Each structure stands twice: as C-alpha cells, then as structure tokens.
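Quick notes on the structure that follows.
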C-alpha cells in the first residue's frame, strides 16, 4: 500500500467510527431527552487508538464532539434516524 492508500484507509476507519459513535449517542440520548441527564461521554478503542467523544442534547438539538470533530443535528434529523 502506498502512503495515500494507507491514509485513505485510516480515514475510512475513522469515518466509520464517527458514524458508530453518533448512532449510539442518538440512541442513548433520545431515550434520555426528557430527563435531567442529557449528555453522554466515553471512549472508543480502535486498534491502538482511543477516540474520546461527548454528546449533549441541548435546546432540542443534538451536539456531538468526537476528538476535534463537531457534529450538530436538529431534532427533526434525529427523529428521522430513530424512525428509520
């Protein structure tokens, strides 16, 4: 594999990890949306890497931070994911 292929492969793994984390955060926080505890945080181990994440339901919107990446979803977007 040349260096560009390795980088692209790593990027695909990280994108998949972000997708997995976001879907889990949506699932967990949707269940907690009307309670007092509206955040979730943790770590995901991918090979030798550990990825830190934090998600919070705030003002009817879902905010997700994964390492230095930030994702934002409206309530309507979250409902579409939940309902399939």
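Go through (1) surrounded by 14 or more Cβ atoms within 10 Å (Cβ to Cβ); (2) not in a strand (DSSP E or B) one by one and return the number of the condition residue 76 breaks.
Here residue 76 meets the rest and fails (1).
Across the stretch 37-55, what is the total count of residues that are farther than 16 Å from residue 12 by Cα and touching a helix residue (DSSP H, G or I) at 6+ places or on another chain (Cβ under 8 Å)?
Final tally of qualifying residues: 5.
Would you please name the residue that is modelled with the lowest pLDDT, looking only at residues in the stretch 36-60 that are farther than 21 Å from residue 16 by Cβ and in contact with a strand residue (DSSP E or B) (Cβ under 6 Å, 6 or more places away or on another chain)?
Within the stretch 36-60, the match that is modelled with the lowest pLDDT is 38.
What is the number of the single condition among (1) at pLDDT 85 or above; (2) surrounded by 10 or more Cβ atoms within 10 Å (Cβ to Cβ) that residue 9 does not meet?
(1)
The values are calculated or read from the model by the stated rules, or taken from the named source; none is laboratory data. Treat the numbers as computed from the prediction; the structure is a model and nothing was measured. FYI the Cβ positions are ideal-geometry reconstructions off the backbone, even for glycines, and counts take in every protein chain you see.
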